[in-house]
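Next up is a structure, given as structure tokens.
FYI, it's all coordinate maths here, none of it is from the lab. None of the values given here were measured: they were computed from a predicted structure. When we count neighbours, we look across all protein chains shown, and the Cβ atoms used for this are built from the backbone with ideal geometry, even at glycine.
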Amino acid sequence: MAVKLRLVRMGKKKQPTYRIVAADARSPRDGRFIEVLGSYQPRLEPSSIKIDGDKALNWLRNGAQPTETVEKLLRISGVWESFKPGEAAK
């Protein structure tokens, strides 16, 4: 099963908030997911990014592929620097 780290849209019309989740790559954007890793609120000033670093690192080390946007959010939050691509789960 291919796992992706991606965003799930939440919130009201024209007022999006997002959850960062680990989901099967074949499931739809707002469909089933395996685990919630954090949240992203782009409408706040400055925007709010909350990520559980331990959970995210665990998924990355087990081979989950982040989308471009999630990778960018991981870099901003500092989790990406802790992850070394090619590093196996311990």
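With the cut-off at 1.5 for a/c, could you classify the chain from its C-alpha gyration tensor as rounded, prolate or oblate?
oblate
Hey, another quick one. Under a cut-off of 27 Å between alpha-carbon atoms, report the lysines in cross-link reach of residue 14, not counting same-chain residues fewer than 8 places apart.
Filter leaves 4, 50, 72.
Under 5 Å between amide hydrogens, which residues at least 5 positions from residue 37 or on another chain qualify, with H placed 1.01 Å from N in the peptide plane?
20, 21, 22
Please compute the modelled spin-label separation between residue 41 and residue 75, points set 7 Å along Cα→Cβ, answer in nm with one decimal.
Taking the two extended label points, one gets 2.5 nm.
Determine the shape class of the range 10-58: with a ≥ b ≥ c the square roots of the Cα gyration tensor eigenvalues, call it rounded for a/c under 1.5, and otherwise prolate if a/b is greater than b/c, oblate otherwise.
It is oblate, given that a/c is not under 1.5 and a/b is not larger than b/c.
Shifting gears a bit: Give the cross-link partners of residue 13 among the aspartates and glutamates, using a straight C-alpha distance below 15 Å as the criterion and excluding same-chain residues fewer than 8 apart.
Once the sequence-local aspartates and glutamates are set aside, what remains near residue 13 is 30.
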